[in-house]
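For reference, the structure discussed in these notes is given below.
Rule-based calculations on the coordinates, nothing more; no lab input. What you see is a predicted model, and the numbers here were worked out from it, not measured in a lab. No Cβ is skipped: glycine too gets one built from the backbone with ideal geometry, and neighbour counts run over all protein chains shown.
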Amino acid sequence: MKALTRGLVAASLLAAALTAAPAGAAPAAVTAKTPKVLVVGMDGLNWAKVVQANAPRLDALAASGTLGESMLYCGPMAASSSGPGWSTIATGVWPDKHGVKDNSFSGKQYGTYPDFLTRIERASSAFGTFSVLDWAVLHTQGTFGTAIDTRITYDGDRDGYVGSDAKVTADAVRILRDTNPDAGFVYLGNTDVVAHASGTGSAYLAAIEKQDAQLGQLLDTITARPSYATEDWKVVVTTDHGHVNPGGGHGGCGIDERRTFVLTSAGGGLRPVDVKLVDVAATALAHLGLSAPIDGKPAHVRSADPFDGLYGSLQSRVDETGIPSGVKGFTHTTPPGWSITQNMPSGGVTEWRGWSFTTDEFWTRTQASQYRELNVRARGVFAVADSDEFADKAGGASYDSTLISPAFAVTGGSQATLRYVTHYMQEGSQTGDVSVSFNGGAPQLVKRYSADAVAKDETVTVSVPAGATSVKVHFRYYNASNNWFWVIDDLRVA
C-alpha cells in the first residue's frame, strides 16, 4: 500500500510540473527518480583515524561526496557524550532545544523536536522508514520514536558490540534488499566501545576497518536493488562525538572529543567549512522534499556568509601559546565591503586586537570551558571581539572596536530586518551595541547587549527613514577590560 501511495504522489508531482510548462511548449521528457536516504551512525569515530585506517568505502565516499568536519558543544550546554550527540543528529537542533545534556536523557524535548524519521512519517505515512541500532536507549528513550515503521533494537552491553553490529548490519541489509524503504537509520557502536577500552590505537583502527566493511555491505545492497536505476539514494555517514587521542574517552571539552563529521554521498569531494552536526537531519529531510523548523541546513547547501570566504587566508598563532602552530585560524583582514574601526592599545594579544575573524577550533583552543564551545550556531569563519583573551598579554587592558558591514539596499519608509548569529557573554561593564547608519549618516542604536545572549539567532527590526536607500550595520564592543567576548556571524538584511 505504501509503495502504491508513494507512486501516486510522485505521479501527481510530475503532472503538476508538466502543467506548469509554458503554453504551446512541448513537455520535456522527465525521468523522475524516487529519492531515498540512509543515515549510518558510527559511534565515537574520529575522522583523522579513518584517514589512517584501511577504510576504502569511507575513503571513496569522501572522495566523491561532501565531507564537513566540525566541533561539538561542551558543558554547560551539554557533555560531548552520546545522548546529546545522537539527539542532535536525530532532531537537527542543538541541545538548548532538544534538552538532552547527558546520557540520563533528562529534560528531553522529543515531543517538540522529533527525529527526522518521525518527521518523515508525519509528513506522509506513505513513506517507509526504519531504524536498526544496538544502543537500546535510542529507542527506549525516544530519540528515534515509535512512529517509525520498523524499529529493531539490540543491546550492545549484552551482546557485545562486535556481535550486535553484525546483527544490525544483517537486519539493515535484509530491509534494504527485501522491502522498499524510503529512509533509514543504522547505528554501529563498536568503535566507541574499543576506544573506551583501549584508546585510539591499533584496535581502534581495526574497529574502523570492520565498520567500513559493514558500511560496504549496506552500500552494495543498495546498488544491487532491482529498482536502483529508478532511485536516487542519499547516503549520510556521521558520528556523535570523538575521542581523546590516544587514551580514549569523551564527555569533556577537549578538541579531539568534540570532533565530529558529516559525510554525504554527493558533492565531488567537497570539503566545506560550514557543515555542522545538525545538518544530518536537514539533509535527510531535504532529499525527500521536506523541510522543518530546525537548526540544520542541507549539507549540500553552502552558506552565503562572506566571512567563510576568508578561510583560505587565515593565519597561524602569533601570541597564543595553547594553539598548535599548524592550526590556522585568525585574520584581521575583512571581507570586501566590511571594515573595522577601533580605539585599541598597542599591546595585548595580537590575535584578538579588535574584531578578528576566526574558527571554532582555533578560538576554543585559547582556553577550554569558558563558554566559547557554546557558540554552536556560528558556522565556518565568524567574527569575534574577545577582550578576555586580548588581556592575556601586557597592554591589553582596554578594548573598543567596531565591525561595520557593507551597505545593504533598503526602501525608504519601510522596515528592514537584521538577522545574524550572536554569542555574547557579559562580565563587568562591557557593552555590545548594534547600530545602523542610513545613506552614510550617523549610527543609530537599535540593540544593546549587556547580559548573556548565548548562541542566538537574532532578529532586529528597524524603521527605514523616508528617502533612505542604503543601510550599514555597526557592531561596537567597548568599555571592556578583560571582560569575556562577543561573536557575530551570518549577517543578513532584508
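So how compact is the stretch 159-303: Cα radius of gyration and Dmax in angstrom?
Here Rg and the maximum Cα pair distance are 16.6, 47 Å.
What's the extension gain from His332 to Ser291 if we count 0.36 nm per residue and subtract their Cα-Cα distance?
Result for the pair: 11.1 nm of gain on full extension.
Along its three principal axes, how long is the stretch 317-428 when you only count alpha carbons? Whole Å, largest extent first please.
Largest first, the stretch 317-428 extends 51, 30, 30 Å along its Cα principal axes.
Separation between the Asp457 and Lys33 pseudo-spin-labels, each 7 Å from Cα along Cα→Cβ, expressed in nm?
3.0 nm
Only Cα pairs under 8 Å and at least 6 apart count here; give the relative contact order of the chain as a rounded whole percent.
The normalised contact order for the chain reaches 16 percent.
Can you give the calculated 222 nm mean residue ellipticity of the chain, where each DSSP H run of n ≥ 4 adds -39,500 (n - 2.57) and the sum is split over every residue, rounded to the nearest 500 deg cm²/dmol?
Calculated at 222 nm, the ellipticity per residue is -7500 deg cm²/dmol.
Against the longest alpha carbon principal axis of the chain, how many degrees, from 0 to 90 and to the nearest 10, is the axis of helix 2-19 turned?
50 degrees
Any idea what the alpha-carbon Rg over 2.2 N^0.38 Å comes to for the stretch 240-287?
The value comes to 1.38.
If all Cα-Cα distances of the stretch 38-185 are sorted into 10 Å bins from 0 onward, what percent lands in each bin, rounded to whole numbers?
Reading the bins upward from 0: 10, 35, 40, 15, 0.
Using 16 Å as the cut-off for backbone N distance, which residues of the stretch 104-123 belong to the label zone defined by a point 7 Å from the Cα of His196 along Cα→Cβ?
104-105
Could you list which residues have their amide H under 5 Å from that of Asp232, counting only those 5 or more apart in sequence or on another chain, with H placed in the peptide plane?
Close amide H contacts, sequence-distant or interchain: Thr34, Lys36.
Where the centre of each part is set by its Cα atoms, how far does the stretch 382-444 sit from the stretch 182-242, in angstrom?
Between the Cα centre of the stretch 382-444 and that of the stretch 182-242, the gap is 44 Å.
With axes computed from alpha carbons, what is the tilt in degrees of helix 82-91 against the longest principal axis of the chain, rounded to the nearest 10 within 0 to 90?
Value to nearest ten degrees: 90.
Using only the Cα atoms of the chain, build the gyration tensor, take square roots of its eigenvalues as a ≥ b ≥ c, and label the shape rounded, prolate or oblate: rounded if a/c is under 1.5, else prolate if a/b is larger than b/c, else oblate.
oblate
Which whole-number percent gives the relative contact order of the stretch 30-287, counting Cα pairs below 8 Å spaced six or more residues apart?
38 percent.
Could you work out how far apart the two model spin labels at Ala442 and Arg225 are, taking each label as a point 7 Å from the Cα in the direction of the beta carbon, and quote it in nm?
With each label placed 7 Å out from Cα toward Cβ, I get 6.5 nm.
Near Val434, within a Cβ-to-Cβ distance under 13 Å, what is the net charge of the other residues, with Lys and Arg +1 and Asp and Glu -1?
My count for the surroundings of Val434 gives +4.
Taking amide hydrogens as modeled 1.01 Å from N in the peptide plane, which residues meet the under 5 Å criterion relative to Lys447, leaving out close sequence neighbours?
Val434
Dividing the convex hull volume of the alpha carbon atoms of the stretch 259-336 by its residue count, what do you get in Å³ per residue?
138 Å³
Between Gln367 and Gln426, what is 0.36 nm times their sequence separation minus the Cα-Cα distance? Round to one decimal in nm.
Full extension of this stretch gives 19.5 nm more.
When only C-alpha pairs under 8 Å and at least 6 residues apart count, what is the relative contact order of the stretch 306-493, in percent?
Computed over the stretch 306-493, the figure is 26 percent.
With angles folded into 0 to 90 degrees, how steeply does helix 202-223 sit against the dominant principal axis of the chain? Use alpha carbons for both and round to 10.
The angle comes out near 60 degrees.
List Cys74, Cys253 from most exposed to least, where exposure is judged by having the fewest other Cβ atoms within 10 Å.
Least to most surrounded, the residues fall as Cys253, Cys74.
Can you work out the PRE-style zone for Ala494? Point 7 Å along Cα to Cβ, and I want the residues of the stretch 430-468 with backbone N under 15 Å.
From the stretch 430-468, the list is 457-462.
Seen from all sides and averaged, what is the projected area of the convex hull of the Cα atoms in the stretch 353-494, in nm²?
One quarter of the hull surface, i.e. the mean projection, equals 8.1 nm².
Ranked by Cβ crowding within 10 angstrom, fewest neighbours first, how are Val301, Val237, Val137, Val194 ordered?
Ascending number of Cβ neighbours within 10 Å: Val301, Val137, Val194, Val237.
Report ³J(HN,Hα) in whole Hz for each residue of the stretch 310-317, in order, from the Karplus equation J = 6.51 cos²θ - 1.76 cosθ + 1.60 where θ = phi - 60°; Gly and Pro get x.
Whole-Hz 3J(HN,Hα) from phi for the stretch 310-317: 7, 4, x, 10, 5, 10, 7, 4.
Share of antiparallel DSSP beta bridges in the stretch 30-287, in percent to the nearest 5?
30 percent
Mind listing the phi-derived Karplus ³J(HN,Hα) values for the stretch 268-277, rounded to whole Hz, using 6.51, -1.76 and 1.60 with θ = phi - 60°, and x for any glycine or proline?
Going residue by residue, I get x, x, 5, 10, x, 9, 10, 8, 10, 5 Hz, with x marking Gly and Pro.
How big is the stretch 30-287 by Rg and Dmax over its Cα atoms, in Å?
Using the Cα atoms of the stretch 30-287, the pair Rg, Dmax is 16.8, 54 Å.
Figure the gain on full extension for Gln109 and Ser339 (residue separation times 0.36 nm, minus the Cα-Cα span) and round it to one decimal in nm.
Using 0.36 nm per residue and subtracting the Cα-Cα distance, I get 78.7 nm.
Antiparallel DSSP bridges in the chain: what percent, to the nearest 5?
Antiparallel bridges: around 75 percent, rounded to the nearest 5.
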